[in-house]
Amino acid sequence: MKLLAFTDTHLNKTALNRIKAKSLKYKPELLICCGDISIFGSGLEKAAKFINNLNTKTLIIPGNHESPEEIKEICSKYKNLINLHRGVYEYKNFLFFGWGTGGFSFIEEEFEKIAKQFKKSYDKNKKIIFITHAPIYNTKLDDLPMGHRGCKSTRKFIEDTAPILTLCGHFHENFKKQDKIKKTLIINPGPDGMLIEIGTNNNKK
């Protein structure tokens, strides 16, 4: 399965055009957006229209620059945009589970409630792909000069459910970085998109 993932584009024309070029070149089955396609909500309509026009189903969550309500509304307007925040999307033998917003707290109590429900009900025969905005605690993706500043709640979720892949963003300093928690590959795909081929370990910038 081919995925083209991106995060924190913030209306950057160069980044968006590179996503378009990679989408045309690699023909991914799904696009994945880890949030922050706008600048505090400004330009959200323009960015959403651009991504929708790539004509590939796109799973999207809010970052800290969009509210859940804004992402829900914009996804209702465009046929190729799917709001994954607090939800699940099934594709083939995969379960995509999304949690957006945040990026500034070690503990996300609301996420822990949603994650508890997910862990009770998900199909154990499906492979989990976790999409979130904040980086995962104590990984290369949340490592800043002042120390690790990622989310401990999402790390606990990963340790409990072992997704095959986790995608996140938020810390621009760590674009394109990768790490692992046991068998879970964790990637910050950056704003210009990264092709991820599930089953081949072949990630292309």
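Taken together, the values in this text are just the output of simple stated rules run on the coordinates, not laboratory data. Values in this document were obtained by computation on a predicted structure and should not be read as measured data. Heads up, the Cβs are rebuilt from the backbone with ideal geometry, glycines too, and the neighbour counts pull from every protein chain shown.
Before moving on, here are some points about what is shown:
- In this Cβ point-charge picture (+1 for Lys and Arg, -1 for Asp and Glu), region 2-204 has a dipole of about 840 debye about its Cα centre.
- Most positive-pole-ward Cα, ALA134, PHE157, LEU54, against dipole of the chain from beta carbon charges: LEU54
- Per-peptide average of other Cβ atoms within 10 Å, ordering 59-65, 98-104, 193-199 highest first: 59-65, 98-104, 193-199
- Max mean-square fluctuation residue, GNM over the chain, Cα-Cα springs under 10 Å, options THR161, THR58, THR14: THR14
- With a Förster radius of 35 Å applied to the C-beta separation of THR56 and MET146, the computed FRET efficiency comes to 0.40.
- Take 112-122, 168-178 and order them by the average number of nearby Cβ atoms within 10 Å per residue, most first; the result is 168-178, 112-122.
- Sorted ascending by nearby beta carbons within 10 Å, beginning with the fewest, ILE158, ILE186 become ILE158, ILE186.
- Calculated from backbone phi, Karplus (6.51, -1.76, 1.60) coupling profile of region 109-116 in Hz, x at Gly/Pro: 5, 5, 4, 4, 5, 5, 5, 4
- Among (1) -0.73, -0.85, -1.13; (2) -0.89, -1.02, -1.28; (3) -0.85, -0.94, -1.13, the entry derived from the coordinates for log10 I(q)/I(0) by the Debye sum over Cα atoms at q = 0.14, 0.15, 0.17 Å⁻¹: (1)
- Within straight-line cross-link reach of LYS120, lysines at Cα separation under 30 Å, skipping those fewer than 8 residues along the same chain: LYS2, LYS57, LYS72, LYS92, LYS140, LYS152, LYS156, LYS180, LYS182, LYS183
- Label point distance in nm, LYS72-LYS2, each placed 7 Å from Cα along Cα→Cβ: 3.5
- With both labels modelled 7 Å from their Cα along Cα-to-Cβ, the LYS182 to ALA21 distance reads 4.0 nm.
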